[in-house]
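The values are calculated or read from the model by the stated rules, or taken from the named source; none is laboratory data. Since we're looking at a predicted model, the values are computed, not measured. Neighbour counts run over all protein chains shown; Cβ positions are idealised from the backbone, glycine included.
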Amino acid sequence: MDIRNLLNYLKEQITSYTLDLDSIIEDHLEEAGLAPVLHEEEDDNKEVPAMSAADASKMLDKLAIFFMQQQDADESCVSSIQKLKDKVSMIRTNRMVQKNIDRFFKRI
């Protein structure tokens, strides 16, 4: 047996992981069922549903009516909604592009 093995005991060189306070609290909450398990990854591959400009405009109209009915109606909310309506109408206008006849017949 080598003297270095006695002086530098191999098992002493293995360090153990010490938990910090947050890890201990998370472990106890997970065991008690009081906290959601954070180790599972959420599925973020869901596609955003397509929405037309007309649907967005209808929703903004409903939001404007909702905010106007509130007792503590704030003018900034209604004006913000009006700005959003203007942006939606600009998007709708930009999509209205007249096609030339060659492009029209390429679809067929």
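When the residues of the stretch 6-29 are filtered to those that are at pLDDT 80 or above and β-branched (V, I, T), the one that is nearest to M96 (Cα to Cα) is I25. Within the stretch 81-94, identify whether any single residue is touching a Phe, Trp or Tyr at 6+ places or on another chain (Cβ under 9 Å), surrounded by 10 or more Cβ atoms within 10 Å (Cβ to Cβ) and at pLDDT 85 or above, and answer yes or no. Yes, that holds for at least one residue. Tell me, please, whether a residue that is surrounded by 10 or more Cβ atoms within 10 Å (Cβ to Cβ) and at pLDDT below 85 can be found in the stretch 30-41. There is at least one residue in the stretch 30-41 that is surrounded by 10 or more Cβ atoms within 10 Å (Cβ to Cβ) and at pLDDT below 85. Close Cβ contacts (under 6 Å, 6 or more residues apart or on different chains) running from residues in the stretch 89-108 that are free of Cβ contacts under 8 Å to residues at least 40 places away in the same chain to residues that are part of a helix (DSSP H, G or I) and surrounded by 10 or more Cβ atoms within 10 Å (Cβ to Cβ) comprise I91/A53; R92/A53.
Residues of the stretch 60-77 that are under 26 Å from the mean Cα position of the chain (by Cα), loosely packed, with under 14 Cβ neighbours inside 10 Å and of a type outside the set (S, T, N, Q): D61, K62, F66. Checking A64, A50 one by one, the residue that is outside any helix (DSSP H, G or I) and either under 25 Å from N94 (Cβ atoms) or of a type in the set (K, R) (or both) is A50 and no other.
Residues in the stretch 82-108 that are of a type in the set (A, V, I, L, M) and within 15 Å of A53 (Cβ to Cβ): L84, V88, M90, I91, M96, V97.
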